[in-house]
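Read the structure below first, then the notes.
The values are calculated or read from the model by the stated rules, or taken from the named source; none is laboratory data. Keep in mind the model is a prediction, meaning the values are calculated, not measured. We place every Cβ from the backbone using ideal geometry, glycine too, and count neighbours over all the protein chains shown.
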Amino acid sequence: MAASNNKNTAFPKLFIVSALLLLCCGLVFGLIGGLQYIIPGFWRNTLSFEKVRPLHVSSMVFWIIIALVGVVLSFLQQHGTRRNYSPFLLRAQLILLCLAVLLIFISYFRGLFGGREYWEFPPYISIFIIASWILFLVNVIASLITIKKQPVYIWMWLTGICFFLFTFLESYLWLIPYFNRHLVNDMTVQWKSYGSMVGSWNMIMYGSSIFLMDKISGSKTYSHSRIAFLLYFLGLFNLMFNWGHHLYTVPTHPYVHYIAYAVSMTELLILGRMILTWRQSLTAAQKFRHNIAYRFLLFGDVWILLTLVLALAMSIPAINVYTHGTYITVGHTMGATIGINTFLILGMAYNLLTDECREPNRKIIIAGLNLANIALFVFWISLIVAGVLKAAWQMNPERLPYAAMLDSVKPWLISFVVAGFVLTTGLLMIVLPLLKSYLSCYFTSHLFSLRSLNAKKQKRELSLE
Amino acid sequence: MSLIMKPFSDKHKAILFIVLAVSFFSYTVVLYVSPPVDRPLEHATAVLDGKALWQKYNCNACHQLYGLGGYLGPDLTNVYEKGPDYIKGFLVTGTNVMPDFHLNNEEIEHLISYFKYLNTTGSADPRSFKIYYDGRIEQ
């Protein structure tokens, strides 16, 4: 517990704590949005869907981004022996990010929008995010003693951070009239940036999970190995060129579609490797099953497999033409952001927030994790079934009314919302005890350090007298 | 140590990274300078104003264009095919799900111009695609 007094290790964790609070907000907004799907007109005049959806999406996106910043900054200190960055820049970075999130929430509640997917807030707020991200990049680069012979996760962090900055800036090209005036190309550039941006934060996240796995297993062989770098370059190749699968039905250049199709299929190599190494994964699962953070990684792996299979299918244009614009896409996104991003980041957060503090009640955490996974599976299946029904409606030669489709999917949307409530309960069973135990530890040690500081001061005063 | 676990040299990693990065940025530049065949909206102020309104009211949260967006409401890429009056009907009063945004006549006209232009860019109807055995699709 005493180690929490160490300001160097405690401050990056504030990013994770802030991110966990955003996750809670995102879950609540998600539930409200879910209710609006099944109860038409629910809060239509107070907090309508065009406000709730961005509130949910931004909370979840910033949960992922801010948590990853905290994870990278914390792991970076454990990676090297150097005290690694400017505390002033670090504070400035957190303040800028929190200010951005606050302004975003205010603008959504007031109905002020920039109106672009993911970043639906007024564009000026992005200046805070860009400034904060540049500080992050400076901090990370400044912390590395050398770039020679670095493990794969350092490559992944640096690549992810640089590409996030590039793609984030790219997503604002619409502000330039040249891009804004070409409607189809604007959509192409928009989804090019989004596709690569998701790849960039996934790059940071997978790098962090490799670091955590090294830490749990006590071996750094994998992170320096050829296979780790081959998979990194494969991931980078996909980040750069597979984004066109969002645009198969958009009348953009045909080569955008062909490149995306061909590049996406290289992900079969990742799937093949997962299948080939399943026995090794099973042995590792047996070995580290007592480690809670490892359990999060394990569930994350299961979701990587499920999401990858779905993503590969959706990357085939002939299948995508059925799934595009249906709830299957939502299922894919939810599987990725909750099943992969959230579980992996929660595993890292658990490892970091408990390494110097008392662990929360393990039974509650495990129960929450199991409940969340079962609920997520039901949630995911419900969306896929609803998506199949919508695909059948979209392809029906008779043009049936939109309301007819909504009626046919309603039972599955109800099951999706009910599963959403259970999923939220499961995730809160993890997040709330984790926050409670860390914050009580943080404040206790903070009070302890204040008391010892006062005692020292008094002693010095007495000795001077 | 098996070949697969033997580390790469830093030089090889750097070369591979540079090749990928150069390819990516070249691809990016090509896309920026050669937009697909849609004509730029140089003088179509009403269409651009309609696009700005689409963003201002965050229509994308509930509706899609070419299947991209939210799924609470229908795809509106080709809604103009149903006629301007049909669109106007929804925009004037809202529905039991969509709020009334209290749009004035000018805003409604600009949104209709935007939908009219969008309709000329292509079809978002998945039934209009030819599907090939090699997995490709074509409109």
- A:Ala318: passes all of (1) in contact (Cβ under 8 Å) with a residue 12 or more places away in the chain; (2) within 14 Å of chain B (Cβ to nearest Cβ); (3) in contact with a Lys or Arg (Cβ under 9 Å, 6 or more places away or on another chain) but (1)
- Selection count where residues are closer than 30 Å to B:Gly135 by Cα and in a helix (DSSP H, G or I), scope region A:267-299: 10
- Within region B:94-139, the residues that are in a strand (DSSP E or B) and in contact with a helix residue (DSSP H, G or I) (Cβ under 6 Å, 6 or more places away or on another chain) are B:Ile131, B:Ile137
- Mind checking which residues of region A:39-55 are farther than 23 Å from A:Pro411 by Cβ and either more than 9 Å from chain B (Cβ to nearest Cβ) or part of a helix (DSSP H, G or I) (or both)? A:Thr46, A:Leu47, A:Glu50, A:Lys51, A:Pro54, A:Leu55
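Working only within region A:28-55, note down all residues that are aromatic (Phe, Trp, Tyr) and closer than 13 Å to B:Leu72 by Cα.
Going residue by residue through region A:28-55, those that are aromatic (Phe, Trp, Tyr) are A:29, A:37, A:42-43, A:49.
Matches in region A:28-55: A:Tyr37, A:Phe42, A:Phe49.
State whether one or more residues within region A:370-392 are of a type in the set (D, E, K, R) and within 30 Å of A:Phe443 (Cβ to Cβ). Walk me through it before giving the result.
Of all residues in region A:370-392, those of a type in the set (D, E, K, R) come to A:390.
So of that shortlist, the ones also within 30 Å of A:Phe443 (Cβ to Cβ) come out as none.
No, region A:370-392 contains no residue that is of a type in the set (D, E, K, R) and within 30 Å of A:Phe443 (Cβ to Cβ).
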- Query: Which one of these is modelled with pLDDT of 90 or more and either under 19 Å from A:Asn341 (Cα atoms) or under 21 Å from the mean Cα position of the chain (by Cα) (or both): A:Leu21, A:Leu35?
  - Reply: A:Leu21
- Message: If a residue must be more than 20 Å from the chain's Cα centre (by Cα), among the hydrophobic types (A, V, I, L, M, F, W, C) and in a helix (DSSP H, G or I), how many such residues does region A:153-203 contain?
- Response: 8
- Do we have any residue at all in region B:53-62 that's part of a helix (DSSP H, G or I), facing chain A (nearest Cβ under 7 Å) and aliphatic (A, V, I, L, M)? yes
- Message: I'm told B:Ser123 meets every condition in (1) of a type in the set (S, T, N, Q); (2) facing chain A (nearest Cβ under 9 Å); (3) without any contact (Cβ under 8 Å) to a residue 12 or more places away in the chain except one. Can you identify the failing condition by its number?
- Response: (3)
- Item | Checklist (1) facing chain A (nearest Cβ under 9 Å); (2) over 30 Å from A:Trp243 (Cα atoms); (3) crowded, with 18+ Cβ neighbours inside 10 Å applied to B:Leu48, failing item | (2)
- Message: Whether any residue in region A:408-421 is buried (at least 19 other Cβ atoms within 10 Å of the Cβ) and farther than 22 Å from A:Val28 by Cα is what I want to check.
- Response: yes
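Table: residues versus (1) over 18 Å from B:Lys51 (Cβ atoms); (2) under 23 Å from the mean Cα position of the chain (by Cα).
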| position | (1), (2) |
| --- | --- |
| B:Gly89 | yes, no |
| B:Thr93 | yes, no |
| B:His102 | yes, no |
| B:Ser113 | no, yes |
| B:Ser123 | yes, yes |
| B:Tyr133 | yes, no |
| B:Ile137 | yes, yes |
- Message: I'd like to check something: does region A:216-233 contain any residue that is surrounded by fewer than 18 Cβ atoms within 10 Å (Cβ to Cβ) and closer than 26 Å to B:Thr77 by Cβ?
- Response: no
- Query: Restricted to region A:165-215, and to residues that are within 9 Å of chain B (Cβ to nearest Cβ), aliphatic (A, V, I, L, M) and touching a residue at least 12 places away in the same chain (Cβ under 8 Å), which residue is surrounded by the fewest Cβ atoms within 10 Å (Cβ to Cβ)?
  - Reply: A:Leu173
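Please go through region A:242-266 and pick out each residue that is among the aliphatic types (A, V, I, L, M) and either surrounded by fewer than 18 Cβ atoms within 10 Å (Cβ to Cβ) or assigned to a helix (DSSP H, G or I) (or both). Spell out the reasoning first.
Residues of region A:242-266 that are among the aliphatic types (A, V, I, L, M), as a first pass: A:247, A:250, A:256, A:259-260, A:262-263, A:265.
Listed by number, the residues that qualify are A:Leu247, A:Val256, A:Ile259, A:Ala260, A:Ala262, A:Val263, A:Met265.
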- Task: Pick out the one residue from B:Val97, B:Val79, B:Val29 that is in contact with a Phe, Trp or Tyr (Cβ under 9 Å, 6 or more places away or on another chain) and more than 9 Å from every other protein chain (Cβ to nearest Cβ).
- Result: B:Val79
- Query: Just wondering, is there one or more residues in region A:314-328 that are over 22 Å from B:Tyr71 (Cβ atoms), part of a helix (DSSP H, G or I) and of a type outside the set (A, V, I, L, M)?
  - Reply: no
- Note on the structure: (1) under 25 Å from the mean Cα position of the chain (by Cα); (2) over 20 Å from A:Gly33 (Cα atoms) all hold for A:Val388 apart from (1)
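Before we move on, is B:Asp134 of a type outside the set (A, V, I, L, M, F, W, C), at the interface with chain A (Cβ under 9 Å from one of its Cβ atoms) and farther than 21 Å from A:Thr329 by Cβ?
yes
Given the criteria closer than 26 Å to A:Leu47 by Cα and crowded, with 18+ Cβ neighbours inside 10 Å, does B:Leu118 qualify? Break it down stepwise before answering.
Working: closer than 26 Å to A:Leu47 by Cα: no; crowded, with 18+ Cβ neighbours inside 10 Å: yes.
No: the conditions fail for B:Leu118.
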- Per-region count, region A:9-53, residues surrounded by fewer than 17 Cβ atoms within 10 Å (Cβ to Cβ) and of a type in the set (Phe, Trp, Tyr): 1
- Note on the structure: By residue number, the members of region B:100-114 that are touching a residue at least 24 places away in the same chain (Cβ under 8 Å) and either within 11 Å of another protein chain (Cβ to nearest Cβ) or farther than 23 Å from A:Lys51 by Cβ (or both) are B:Phe101, B:Glu109, B:Ile112, B:Ser113, B:Tyr114
